[in-house]
Amino acid sequence: MTSRFQAASSEVSPIQHTVSPYVVGASVLAIKYRDGVMMIADTMGSYGNMARFKDFHRLHKVNSTTAMGASGELSDLQYIRDMLEELTLGDFQQDDGSQLTAKEVHSYLARVLYNRRSRVNPLWNELVVAGVEPGPNGQAFLGTVDLYGSNYEEDIIATGYGQYIAMPLLRREWRADMTKQEARTLLEKCMTVLFYRHCRQINRYTLSDVTADGVDISEPFELEVKWNYKQFVVPTAQQSLVQ
Amino acid sequence: QTQKRTMNPSQVLNANKGGFDFELSKRNEALLSGNQALSSKVPKAMKTGTTIAGIVYNDGVVLGADTRATEGSITCDKNCEKIHYIAQNIYCCGAGTSADTENTTNLISSQLELHKLQTGTEPRVITAMTRLKQRLFQYQGHISAALVLGGVDATGAHLHTVWPHGSTDRLPFATMGSGSLAAMAVFEAGYKDDLDEKEAVALVDQAIQAGIWNDLGSGGNVDICVISKTNGVSMKRNYRTPNERKFRSDLKGYHFPRGTTEVTSESVEMFDPSIVVPSEPDDNDDKNDDNDSKMDVE
């Protein structure tokens, strides 16, 4: 008698829900500019206090008009990437010249994430969707979805610590008609500041640029950082009294 | 079986004669018991949500602060002063519980004044820092004061941060409070070696504004304090006021010129200049009191 109950309890385990993330990605920043949308993220996957993966690419090309970036649990990012690839593959197989637009991808992800949240088993991410509508006069699209399913469209987007550190800088310096170089410089400046202050970021980034010409995701690159300000090298307490 | 008796105040006093009085312990327990009726009456501490910042430039130190004080999610003071006087050459910005920052800085200011009289020398920033950190460490973080301390003394210009548990840092630029991330972002993007006063003040102004606009715990105006080796102290209270009330009533107040309301009729009644109120017979012993009340109307 007892063995039947025992067998039952050892074979059937309760359904697990995500309660905390394990391998996480840091902030993603994205801005609209004159020719389209630009997005940047570093290439680190942190395992708590450990810098576990240092070449994890968090910016992904969905199709020729849309790119997606993610912060948060990286296994969920990979699952979402697989889901989107299925959709893109389906579009390709239809072979009717029509693709999912960025707005549609954003809407789809918002519904998926809200549905998961409602089942109390979230995909622990903050996603950024960037794209440009195909055809002449295509509108640029930039939106975000988080683990609760909260979603909105904006001209400037930051996830994670970027909201506290990069957003004040982006809000001050962003203009709608920035050139490609200006947009890149702004994003790089914000990422450098984030690297100074965010313990879970490294100085290695990928940049994605979506324009009417398509989606381009760069190879990883480093940015210049400055650690040798005079007062850090020779603190005021140790400076000579003779000024 | 012990029965619970309710005691009246005099019985309570008698029961607690001599030795220790633990009446307040019972009150503490009741407040912590989670009883909604009791715990909802406890007021929230007034905190300064806050953005405070400081920077060392080529001729001294510039301190900056916002001016919003909050009680929970209500702004209780739109223009409070968060840059506190410690000594003539030393000032301190305070974030955290307002009472704690105010009283702690006053105490250390007082101690430094006595110290100055005793030693005959100008107070040093590290002395203020040491006094502050020793007090805060003693209270193990229960005094919720996070400070940016800056000043100029015989050893040069210095800037320190003091944390509620008693640790300190000495830095070229520092921010504290809920808006510290926004302000620090501005500092990290804009700091360079050998800033002059104008650049330093502009940078601190931008940093505090970043806190005001992007942090909900900060708001109001920007206060700046420049402590310079050559020009002494310049306290710029309300250096910038970017949140002025948009719609103001006439500055004269509720003054309406005669004729605003149409007068349809007028009647004047003159009252007697002197009224005597007759006294009533009393049951009291003191019949000698004059119970007539005379009202003189001029």
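The values are calculated or read from the model by the stated rules, or taken from the named source; none is laboratory data. Being a predicted model, the structure only gives us computed values, none of them experimental. Neighbour counts run over all protein chains shown; Cβ positions are idealised from the backbone, glycine included. Only protein heavy atoms, including side chains, enter the accessible area calculation; ligands, DNA and RNA are left aside. Shrake-Rupley method; radii C 1.70, N 1.55, O 1.52, S 1.80 Å.
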Can you show me the helix-derived [θ] at 222 nm for the protein assembly as shown, built from DSSP H runs with n ≥ 4 at -39,500 (n - 2.57) apiece and divided by the number of residues, rounded to the nearest 500. -10000 deg cm²/dmol
Among the chymotrypsin sites (Phe, Trp or Tyr not before Pro) within the range A:24-100, which fall in a DSSP loop and have no more than 11 other Cβ atoms within 10 Å of their own Cβ? none
By the Cα gyration tensor axes a ≥ b ≥ c (a/c under 1.5 gives rounded; else a/b larger than b/c gives prolate, otherwise oblate), the shape of the range A:111-201 is oblate
When the dipole is taken about the Cα centre of the range A:77-214, and only Lys, Arg (+1) and Asp, Glu (-1) are charged at their Cβ, what size is it in debye, to the nearest 20? 880
For chain A, what value does the Rg/Rh ratio take when both radii are computed over Cα atoms and Rh is the Kirkwood radius, given to two decimals? 1.10
Expressed as a fraction of 2.2 N^0.38 Å, the rule-of-thumb size for a compact globular protein of N residues, what is the C-alpha radius of gyration of the range B:129-204? 1.22
Among residues other than A:LEU89 whose Cβ falls under 13 Å from its Cβ, what is the net charge (Lys/Arg +1, Asp/Glu -1)? -4
For each pair in A:LYS103/B:LYS246; A:LYS230/B:LYS198; A:LYS180/B:LYS82; A:LYS54/A:LYS226; A:LYS54/B:LYS133; A:LYS180/B:LYS236, compute the distance between the two Cα atoms and list the pairs where it is over 31 Å. A:LYS103/B:LYS246; A:LYS180/B:LYS82; A:LYS54/B:LYS133; A:LYS180/B:LYS236
Once the in-chain neighbours fewer than 8 apart are removed, the aspartates and glutamates whose Cα is under 15 Å from B:LYS229 read B:ASP59, B:GLU122, B:ASP153, B:ASP194, B:ASP196, B:GLU197
Calculate one ³J(HN,Hα) per residue across the range B:218-235 by plugging θ = phi - 60° into the Karplus curve 6.51 cos²θ - 1.76 cosθ + 1.60, and present them in order as whole Hz with x for glycine and proline. 10, x, x, 9, 9, 9, 10, 9, 9, 10, 10, 5, 8, 10, x, 9, 10, 8
Area of A:TYR152 that stays accessible when all protein chains are in place (1.4 Å probe, Å², to 10): 100
Percent RCO, i.e. relative contact order, over the range B:140-281, from Cα pairs under 8 Å lying at least 6 residues apart: 14
Over chain A, what is the relative contact order in percent, taking alpha-carbon pairs closer than 8 angstrom and at least six residues apart? 25
If you scale each eigenvalue of the Cα gyration tensor by 5 and take the root, what three semi-axes come out for the protein assembly as shown, rounded to whole angstrom and sorted largest first? 55, 37, 33
Relative contact order of the range B:48-187: what whole-number percent is it, with Cα pairs under 8 angstrom and at least 6 residues apart? 29
Give the accessible area for A:VAL233 in Å² (nearest 10); use a 1.4 Å probe, count only protein heavy atoms, and leave out ligands, DNA and RNA. 90
Anisotropy class of the range B:102-237 from Cα gyration tensor, a/c 1.5 cut: oblate
Going by Cα centres, the range A:116-136 and the range B:144-203 are how many Å apart? 39
Cβ-Cβ cut-off under 11 Å around B:MET235, Lys and Arg +1, Asp and Glu -1: the net charge is 0
Which net charge results for the neighbourhood of A:PRO134, defined as the other residues with beta-carbon distances under 13 angstrom from its beta-carbon, given Lys and Arg at +1 and Asp and Glu at -1? -3
Quick one: order A:ASP35, B:ASP77 from most to least accessible surface, probe 1.4 Å. A:ASP35, B:ASP77
Dipole in debye (nearest 20) - the protein assembly as shown, about Cα centre, beta carbon charges: Lys, Arg +1; Asp, Glu -1: 2040
